[in-house]
Each structure stands twice: as C-alpha cells, then as structure tokens.
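The values are calculated or read from the model by the stated rules, or taken from the named source; none is laboratory data. For clarity, every value in this text was computed on a predicted model and none was experimentally measured. Cβ sites come from the backbone with ideal geometry, for glycine too, and all protein chains shown count toward neighbours. For the accessible areas, the whole protein counts, side chains as well, though only heavy atoms, and no ligand, DNA or RNA atoms are used. Shrake-Rupley method; radii C 1.70, N 1.55, O 1.52, S 1.80 Å.
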Amino acid sequence: MSTTERTYIMIKPDGVQRGLVGKIIQRFEERGYKLIAMKLVQPTEQHLENHYADLKGKPFFPGLIKYMASGPVVAMVWQGLDAVKTGRAMLGATNPLQSPVGSIRGDFCLAVGRNICHGSDSVESAEKEIKLWFPEGVVQYTSALESWIFE
Ligand code: RTP
C-alpha cells in the first residue's frame with residue numbers, strides 16, 4: 001500500500017447541478033487526501049463511452065451515457081494511502097439505498113441512476129481513467145501537511 005496511490009473521482013452532472021461539489025471535495029480534503037488534478041468539463045458521449053467501455057451491452061448503458069453527458073462533470077485525481085479502496089468506501093455503494101449513512105451517496109442521494117459521483121474500482125482502472133481524463137498529466141507538489149498525515 002502506497003502513500004502516493006491515486007484514484008480518479010468524478011462528480012457527475014447531478015452532483016454539479018445540485019451544488020454538492022464543495023461538500024464532496026471537502027470530504028476528501030478532510031480525510032487527508034491530496035488533490036493533484038481537477039477540472040470542470042462537459043464530456044462528449046464518445047469520451048463517456050470510452051470511460052464506461054466495460055459496461056457496453058448493459059441495459060442501462062444508453063441511459064447512463066445520456067445522463068453523464070447531460071451537463072458538466074468535475075474530474076479529479078486524489079492521492080494518498082489506499083486512495084482507491086478508501087475512496088470507494090467514502091462514496092458508498094453503487095445503489096445509494098445500500099450506501100451507509102456517512103458515505104457521500106448514503107448522505108446525498110437515493111437513485112442508482114443519479115448517484116452523483118464516480119470512483120475508480122481498482123488501481124489499474126484508476127491509471128487508465130487518469131490517462132483518459134487528464135492526458136495533459138497531473139500536478140506534482142509537496143504539501144507541508146504530509147508528515148502530519150503519514151508516518
Ligand atoms: P461508477 O463507475 O459510476 O463509480 O459506479 P460503480 O462502479 O459503483 O458501478 P458500475 O456498475 O460501474 O455502474 C456505473 C454507473 O452506472 C449506473 N448504473 N445504473 N440502472 C442501473 O441498474 C444501473 N446500474 C449502474 C450508475 O450511475 C453507476 O454508478
């Protein structure tokens with residue numbers, strides 16, 4: 001487990017429209033993760049089909065692409081210990097009704113097709129997603145807080 005593990009976290013169009021951007025960012029900052037890339041983008045359907053290529057063929061795929069292309073999303077890369085698995089735990093389950101209270105989905109949403117955020121499900125998919133959403137790369141910097149967050 002590395003203190004420089006990275007995950008791709010995205011606030012979906014409903015999260016942006018509902019004004020939840022600040023709250024979601026705050027949870028990752030407060031947990032001790034470091035923001036190393038962020039942008040507001042209006043993704044194309046083609047880009048989203050690449051992002052969700054593993055789900056092509058699922059009955060909900062066309063609706064998912066339409067929903068994800070319906071407005072801007074906030075694309076982010078967060079770095080820190082166990083970022084992928086802990087990031088997913090912070091988001092909650094795919095179906096918000098099965099998400100524990102205290103998780104982002106468990107606190108802010110109800111429907112699987114409007115679940116406000118995305119998080120990479122493995123270190124390998126995080127690497128792929130970071131390249132897809134940030135072909136320009138991420139920012140390298142040292143935070144003075146790091147020695148207070150990691151041993
Ligand atoms: P995400 O990629 O967005 O973080 O979600 P996930 O890994 O938790 O779930 P995944 O199975 O990869 O599904 C991707 C997104 O598709 C929508 N979905 N709708 N209507 C449905 O039954 C259904 N199932 C999945 C959700 O927005 C889910 O986050």
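A count restricted to segment 92-146 and to residues that are at pLDDT below 95, out of contact with any strand residue (DSSP E or B) (no Cβ under 9 Å at 6 or more places or on another chain) and of a type in the set (Gly, Ala, Ser) stands at 1.
Of the residues in segment 49-70, none is touching a residue at least 24 places away in the same chain (Cβ under 8 Å) and within 17 Å of Thr4 (Cα to Cα).
So, in segment 77-97, of the ones that are away from the ligand (no atom under 13 Å from the Cβ) and open to solvent by less than 20 Å² (accessible area, probe 1.4 Å), which residue ends up farthest from Val112 (Cα to Cα)?
Result: Gly80.
Of all the numbered requirements in (1) open to solvent by 20 Å² or more (accessible area, probe 1.4 Å); (2) touching a residue at least 12 places away in the same chain (Cβ under 8 Å); (3) among the polar types (S, T, N, Q); (4) closer than 23 Å to Val139 by Cβ, Ser120 misses one, and that requirement is (1).
Total residues in segment 38-64 satisfying the condition of being β-branched (Val, Ile, Thr) and under 16 Å from the mean Cα position of the chain (by Cα): the figure is 1. Taken together, Gly19, Gly106, Gly63 contain a single residue that is open to solvent by 20 Å² or more (accessible area, probe 1.4 Å), within 11 Å of the ligand (Cβ to nearest atom) and out of contact with any His (no Cβ under 7 Å at 6 or more places or on another chain), which is Gly63.
If you scan segment 1-16, which residues turn out to be surrounded by 14 or more Cβ atoms within 10 Å (Cβ to Cβ) and outside any strand (DSSP E or B)?
Result: Thr3, Glu5, Lys12, Pro13, Asp14, Gly15, Val16.
Could you list, in sequence order, the residues of segment 22-60 that are hydroxyl-bearing (Ser, Thr, Tyr) and open to solvent by 60 Å² or more (accessible area, probe 1.4 Å)?
Passing the criteria: only Thr44.
Answer with yes or no whether Ala111 is more than 10 Å from the ligand (Cβ to nearest atom) and hydrophobic (A, V, I, L, M, F, W, C). Taking the combined requirement at face value, the residue does not satisfy it.
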